[in-house]
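These notes are about the structure you will find just below.
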């Protein structure tokens, strides 16, 4: 079946028509998520590229965005209660969430580097105020850092767009390639640093832990699960123009190492998972730059669901225990069974434990590194994976199993249900991919 | 002659950037940003005349309306409660002196190590004119890193965006659809930022965000 990408793009925007009635807006937002997932699932024949580019790669990213949008909207129904001092109202929250999704879809579906840049910058505009649901000193500071650091970084990416247009005379993604000049090389490298700011590559990831930890959990899930991959998608499309494997792989390796080392000393659980996102994105970047596209996509897909599950579980903890500190959460295995199960499963998923999808993806990427004789890169990434696995799971198991005083309040069941479901999907992705490999 | 006119106008753009860096009063900084945008619009109009390009003329109009007028309006609204307010931190002048050193080094490095090695050519003027947008870009970055106030940091970002427009205009005018979308994007970001300006005017270390 052929589906016009414009239809997929417009669906979340159209949900905003119901903004005057909050109940209808919530339903319409959830329904638009379902419609988009169904539309994408129905696509069998990819259309030839025009204004939009819908191939297997962009299809996978669009599907990821729509799935996490759907689960985040459902989770928001239980999580978001805006009362008192807040910069945004509850209807505005859903309106911005829908616009945020539409801008991400635009970014991964459009067939033009200039408009991809515009789309990515629009994701910042539409998502910045989502961080301020709980308007506190720290959320305002995190929002500001997100706006100014990401925008300043992405501005650099536009230099890359100008250099590409100068070299090729077009910005159409599918019409580029076959030109190996110093200018194109510079465009690709500057683009990595510019778009990499939003991917969260070293050293321009400083905005990421702040924004992820201060955002409401459904928004953190979207940031980590699909916003970072959307930026990574552009960085990869740029890489395809003139591959620079040496720089791309080393940026991936160094980022993975730095992020995993920073994970060890974290004291807040949402910041811990934010650093884990940086590590996962860097390994996906590494996979894409060594030609292991399937492994990278599998990792990204599994990470999207796994990390969404982790942030949803964190949201339940924040809502019921009123804390973000790891040391203040103890023994939730007996107090919050569903939450602890999804937290455990999702942390195993995002740290690449077998049989989750991230394990299969990381295995394929590591195998590619060996086959390309990148032994030093392989060793450093392996060390990063081990450190990240130990850091995340040590902190999570202490929260789940270690005895201690803690008061908890009940949370809406829809939150636990969504959290558990996405963690299970991450497991299912791993089992299916292992079955296919076998 | 053409090259000299372009170089003169581009250097005036840099003068406005230096003024913003050395200025502590927000209102004056915001107004100078409008002057900077008008100068870039003038360069675009001049090139539109030289190259007989309607796109460049439309771009000049868009810059005046969206950047010189709309952005200035939103930024002024952000500081309307206290238009006389100035930068809270000390050492604005010292930072300005540091900036001049940074600027000189960055410009030399960029020209001799990067630009002169790339096989670039421009339709009007000469290659050395391209140094101005890059210098403006670094100047914007420096403004962001050297100040703690929301207004000064937004202005640093707008300066970076102005640098990109100047680069596009001087090197290769990119499609108007993309350029107009970029202008709207920046306007959107400034609107969001001006909402935050009303809530938080200065940025210090927050313990919650450490680690």
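Key figures for this structure:
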quantity	calculated
Residues located in segment A:176-185, provided they are in a loop (DSSP other than H, G, I, E, B) and over 27 Å from residue A:300 (Cα atoms)	A:178, A:179, A:180, A:181
All positions within segment B:162-174 that are within 8 Å of chain A (Cβ to nearest Cβ) and touching a residue at least 40 places away in the same chain (Cβ under 8 Å)	B:171
Pairs with Cβ under 6 Å, 6+ apart, first in segment B:187-201 and more than 9 Å from chain A (Cβ to nearest Cβ), second at pLDDT below 75	B:194/B:78; B:197/B:78
Within segment B:143-160, considering residues that are in contact (Cβ under 8 Å) with a residue 40 or more places away in the chain and facing another protein chain (nearest Cβ under 7 Å), the one nearest to residue B:20 (Cα to Cα)	B:153
Segment A:150-188: number of residues that are touching a residue at least 40 places away in the same chain (Cβ under 8 Å) and away from chain B (no Cβ under 11 Å)	7
Test: residue in segment A:37-52 that is under 21 Å from the mean Cα position of the chain (by Cα), within 22 Å of residue A:20 (Cβ to Cβ) and surrounded by 19 or more Cβ atoms within 10 Å (Cβ to Cβ)	no
Residues being surrounded by fewer than 20 Cβ atoms within 10 Å (Cβ to Cβ), in contact with a helix residue (DSSP H, G or I) (Cβ under 8 Å, 6 or more places away or on another chain) and not in a helix (DSSP H, G or I) - total across segment B:4-33	1
Residue in segment A:61-72 that is surrounded by 20 or more Cβ atoms within 10 Å (Cβ to Cβ), over 15 Å from the mean Cα position of the chain (by Cα) and assigned to a helix (DSSP H, G or I) present	no
Test result for residue B:182, at the interface with chain A (Cβ under 7 Å from one of its Cβ atoms) and either over 28 Å from residue B:5 (Cβ atoms) or out of contact with any strand residue (DSSP E or B) (no Cβ under 7 Å at 6 or more places or on another chain) (or both)	yes
Qualifying residue in segment A:100-122 (condition: assigned to a loop (DSSP other than H, G, I, E, B) and surrounded by fewer than 19 Cβ atoms within 10 Å (Cβ to Cβ))	no
Unmet requirement for residue A:103, which otherwise passes all of (1) under 20 Å from the mean Cα position of the chain (by Cα); (2) in contact (Cβ under 8 Å) with a residue 40 or more places away in the chain	(2)
Filter result (at the interface with chain A (Cβ under 9 Å from one of its Cβ atoms) and under 25 Å from residue B:44 (Cα atoms)) within segment B:115-132	B:118, B:119, B:120
Output for segment A:320-358, where each listed residue is farther than 26 Å from residue A:268 by Cβ and surrounded by 21 or more Cβ atoms within 10 Å (Cβ to Cβ)	A:357
Test: residue in segment A:235-246 that is in a helix (DSSP H, G or I) and within 14 Å of chain B (Cβ to nearest Cβ)	no
From the options A:87, A:164, A:130, residue that is under 29 Å from residue A:56 (Cα atoms) and in contact with a helix residue (DSSP H, G or I) (Cβ under 7 Å, 6 or more places away or on another chain)	A:164
Candidate set: segment A:73-94, residues that are touching a residue at least 12 places away in the same chain (Cβ under 8 Å) and within 14 Å of chain B (Cβ to nearest Cβ); chosen: the one surrounded by the most Cβ atoms within 10 Å (Cβ to Cβ)	A:87
Lone unmet requirement of (1) in contact (Cβ under 8 Å) with a residue 12 or more places away in the chain; (2) assigned to a loop (DSSP other than H, G, I, E, B) for residue A:48	(1)
Subset of segment B:119-135 (residues that are closer than 16 Å to residue B:168 by Cβ and either in contact with a strand residue (DSSP E or B) (Cβ under 7 Å, 6 or more places away or on another chain) or assigned to a loop (DSSP other than H, G, I, E, B) (or both))	B:120, B:121, B:122, B:123, B:124, B:125
Top-ranked residue of segment A:123-141 - restricted to ones that are part of a helix (DSSP H, G or I) and more than 7 Å from chain B (Cβ to nearest Cβ), ranked as surrounded by the fewest Cβ atoms within 10 Å (Cβ to Cβ)	A:126
Residue that is modelled with pLDDT of 95 or more and loosely packed, with under 14 Cβ neighbours inside 10 Å, where the choices are A:386, A:381	A:386
Matching option when the condition is outside any helix (DSSP H, G or I), at pLDDT 90 or above and crowded, with 20+ Cβ neighbours inside 10 Å, among A:188, A:201	A:201
Matching residues, segment A:142-175, being touching a strand residue (DSSP E or B) at 6+ places or on another chain (Cβ under 9 Å) and part of a helix (DSSP H, G or I)	A:173
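Residue by residue, here is whether (1) surrounded by 19 or more Cβ atoms within 10 Å (Cβ to Cβ); (2) modelled with pLDDT of 75 or more; (3) part of a helix (DSSP H, G or I); (4) in contact with a helix residue (DSSP H, G or I) (Cβ under 8 Å, 6 or more places away or on another chain) holds:
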{"site": "B:75", "(1), (2), (3), (4)": "yes, yes, yes, yes"}
{"site": "B:84", "(1), (2), (3), (4)": "no, no, no, yes"}
{"site": "B:93", "(1), (2), (3), (4)": "no, no, yes, yes"}
{"site": "B:104", "(1), (2), (3), (4)": "no, yes, yes, no"}
{"site": "B:109", "(1), (2), (3), (4)": "no, yes, yes, no"}
{"site": "B:112", "(1), (2), (3), (4)": "no, yes, yes, no"}
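The values are calculated or read from the model by the stated rules, or taken from the named source; none is laboratory data. The shown structure was predicted, so the numbers you read here are calculated from the model rather than taken from an experiment. Note: ideal-geometry Cβ built from the backbone for every residue, glycine included; neighbour counts use all protein chains shown.
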